[in-house]
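I have placed the structure first, in the form of structure tokens, so that the comments after it can refer back to it.
The values are calculated or read from the model by the stated rules, or taken from the named source; none is laboratory data. Note that this is a predicted model, so its numbers are computed, not measured. Virtual Cβ from ideal backbone geometry, glycine too; neighbours counted across all protein chains shown. Keep in mind that these areas ignore ligands, DNA and RNA; they rest on the heavy atoms of the full protein, side chains included. Shrake-Rupley method; radii C 1.70, N 1.55, O 1.52, S 1.80 Å.
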Amino acid sequence: MRRETGLPIAFGGEVSANGTRMVINESVGNASRALNGLVIRAGHGLGGKALRGAKIAAVADYLSEPSITHEYDHAVAAERLRSIVVVPVVVNGTVRAMLYGALRVPAELGSSVLRGVREIARRVEFDIAVADEVARQLRTLEAATITEAARSSPADPDRAAVSAAYAELRALARETDDRDLRVRLARISHGLSGGQAVHRSRVLSPREIDVLSLVAVGYTNKEIADRLGIEAETVKSYLRSIMHRLSAHNRTQAVALARAIGELP
């Protein structure tokens, strides 16, 4: 945005899953740290106005603009910003991010600048939409893999299905930003494991349980690494620790022993 529009400062960040706020965590051209980590709430300030309305907003002189609230004047003044434009990044009807550009002098932003800002937002929207589709296809593939793993265990199909559900619940709890949802998912996964950890100390760490829950449904080390966002060597290190803690000789025995002591369902 800075390069293509000529605006000396550009900044922005992702919008929360519930669409009520965004945090400024990326910037270029800034002269201070006043904007870093600033939380913009829907309906507040210029960014909040654009977030709530899901459309571009611009002002010629932020500090004297009567059409917006001024909760963020301290940060804007510290960065000496005057003319500001903000454009929401909207994917499938949901605002996913906000992009700002600004001048340090009061001025009406020209149509070419506004077109450039919109075009940059469209590019980001396309990139996010592609990433979403890739993630959706991966989830579909994972679901198929988990289902196949459950079906391929005729001796105990119920156990395989529970193990698959347990691994998926732990993964979802790690991935969501919603604290209440994390707590609920943790409670459900704890119930699947029998709830025995309430009465005793854990043998395995939470991360080791994450790894072993995926081992239990047939994931390879590489697949575990990809799912957890770690290196394959790190997975091997966790497995060595798991087998040492459980006195297991291989992965299969480690899963069986973890189930026997209530670490896995």
| query | So which helices (runs of 4 or more DSSP H) stay within region 1-104 end to end and still have 1 or more residues that are within 30 Å of L181 (Cα to Cα)? | reply | 45-53
| said: Any residue in region 1-16 that is farther than 15 Å from V124 by Cα sitting within a Cβ distance under 6 Å of a residue that is open to solvent by 40 Å² or more (accessible area, probe 1.4 Å)? List the pairs, counting only those 6 or more apart or interchain. | reply: I9/N30
| Could you count how many residues in region 21-56 are within 17 Å of R104 (Cα to Cα), touching a residue at least 12 places away in the same chain (Cβ under 8 Å) and over 23 Å from the mean Cα position of the chain (by Cα)? | 6
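Does R33 meet the test of being basic (K, R) and surrounded by 15 or more Cβ atoms within 10 Å (Cβ to Cβ)? Give the derivation first.
Details: basic (K, R): yes; surrounded by 15 or more Cβ atoms within 10 Å (Cβ to Cβ): no.
It is false that R33 is basic (K, R) and surrounded by 15 or more Cβ atoms within 10 Å (Cβ to Cβ).
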| field | Scan of region 212-236 for residues that are hydrophobic (A, V, I, L, M, F, W, C), at pLDDT 90 or above and under 20 Å from the mean Cα position of the chain (by Cα), ordered by number | value | I224, A225, I230
| query | From the list A150, A135, A131, A144, which one is farther than 20 Å from G47 by Cα, at pLDDT below 95 and surrounded by 14 or more Cβ atoms within 10 Å (Cβ to Cβ)? | reply | A150
| field | Near pairs, Cβ below 6 angstrom, 6+ apart or cross-chain, from region 88-114 (charged (D, E, K, R)) to any residue that is not in a loop (DSSP other than H, G, I, E, B) | value | R96/V15; R96/V89; R96/I128
| note | Residue count, region 1-30, condition in contact with a helix residue (DSSP H, G or I) (Cβ under 8 Å, 6 or more places away or on another chain) and surrounded by fewer than 16 Cβ atoms within 10 Å (Cβ to Cβ), comes to 5
| message | With the requirement that a residue be of a type in the set (A, V, I, L, M, F, W, C) and farther than 26 Å from L172 by Cβ, what does region 211-254 give you? | response | M243, A248
| query | Which residue pairs have Cβ atoms under 8 Å apart, sit 6 or more places apart or on different chains, and have a first residue in region 151-173 that is more than 13 Å from P265 (Cα to Cα) and a second that is of a type in the set (K, R) and at pLDDT 65 or above? | reply | A171/R227; A173/R182
